[in-house]
Amino acid sequence: MDLKDQIDKKNLPQHIAVIMDGNGRWAQKKGNQRIFGHKNGVKAVRDTVEGAAELGINFLTLYAFSTENWNRPKQEVDALMSLLITSINSETDTLIKNNIRLLTIGNIDGLPKNVSAKLKVLINKTANNNGLSLILALNYSARWEIVNAVKSIVSEHKQNPVDVNNIDNKFFEKYLNTKDIPDPDLLVRTSGEYRISNFLIWQMAYSELYFTEVLWPDFRRNDLYEAIVDYQKRERRFGKISEQIKK
Ligand code: FPP
């Protein structure tokens with residue numbers, strides 16, 4: 001039986017988050033520059049996005065550029081920014097054709113102007129699509145997001161201090177970049193690294209974690225299906241006991 005046929009359509013993860021790792025190693029293994037890996041990573045992005053949309057996944061978040069990635073050699077950072085622009089240009093039609101809505105998390109205004117402007121145009125163009133929501137994490141890190149949330153709360157309540165008794169998870173989540181987006185059910189990380197790397201720390205409190213040795217440029221929808229089949233074998237207890245879940 002095909003992997004895709006093994007997927008229970010009634011138990012799909014609503015939100016899948018992906019740490020796309022291994023582009024550099026993939027390229028270096030082939031004797032190429034790291035950017036060659038990033039370019040081939042775009043093919044993996046396309047196939048994964050199409051695969052997720054076709055399955056009926058509601059939210060897919062891709063960690064495309066972290067706040068720490070600015071520390072890479074300038075040449076690589078510049079190449080990644082150019083790649084983002086060419087990808088936005090080349091993928092616009094695919095997003096529209098597949099009814100995909102583009103969203104971003106992260107400090108978008110901290111990206112080069114030409115990148116943030118292009119992103120904003122595409123976000124507006126796809127705002128009414130109601131298929132897959134594709135969320136690009138760009139200039140994002142979870143600690144930045146959480147500190148930013150605290151700053152927003154403080155500045156918003158300067159005149160009108162918040163009652164501490166009203167601060168709970170629901171209150172706090174409204175200040176995160178992911179407000180209105182459900183927490184990821186499944187996190188996929190490629191390239192055999194077992195880390196969270198400052199990604200969606202708050203939101204992943206109860207996510208199922210799936211790690212694969214596949215390097216990102218080799219990742220295809222079939223690898224996504226494999227992750228989903230594995231996810232569907234798990235029992236998600238959210239702190240309860242097995243008997244309570246089975247009721
Ligand atoms: C991690 O691999 C990958 C990145 C930091 C960039 C991801 C970017 C893309 C897949 C291309 C553009 C994305 C979109 C959404 C169009 P790494 O460089 O850390 O690999 P390594 O661990 O082998 O060095």
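Below is a table of values for the structure above.
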read-out	value
Residue, farthest from the chain's Cα centre (by Cα), within the stretch 1-32, restricted to residues that are within 16 Å of the ligand (Cβ to nearest atom) and surrounded by fewer than 15 Cβ atoms within 10 Å (Cβ to Cβ)	Gly31
Test: Arg143 is touching a residue at least 24 places away in the same chain (Cβ under 8 Å) and within 28 Å of Asn89 (Cβ to Cβ)	no
Residues located in the stretch 183-225, provided they are assigned to a helix (DSSP H, G or I) and at positive phi	none
Conditions (1) hydroxyl-bearing (Ser, Thr, Tyr); (2) out of contact with any Phe, Trp or Tyr (no Cβ under 9 Å at 6 or more places or on another chain); (3) in contact (Cβ under 8 Å) with a residue 24 or more places away in the chain; number of the one not met by Ser242	(3)
Residue identified as under 21 Å from Phe219 (Cα atoms), assigned to a helix (DSSP H, G or I), near the ligand (Cβ under 10 Å from one of its atoms) and of a type in the set (Val, Ile, Thr) among Thr86, Thr94	Thr86
Residues satisfying the stated conditions in the stretch 186-228, i.e. of a type in the set (Ser, Thr, Tyr), more than 16 Å from the ligand (Cβ to nearest atom) and within 20 Å of Ile105 (Cβ to Cβ)	Tyr206, Ser207
Residues satisfying the stated conditions in the stretch 177-194, i.e. exposed (fewer than 15 other Cβ atoms within 10 Å of the Cβ) and in contact (Cβ under 8 Å) with a residue 12 or more places away in the chain	Pro182, Gly192, Glu193, Tyr194
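Coordinate-derived values only; no laboratory data. Here the structure is a predicted model, which means the values were calculated and not measured. Counting neighbours? That spans all protein chains shown, and the Cβs are built from the backbone with ideal geometry, glycine included.
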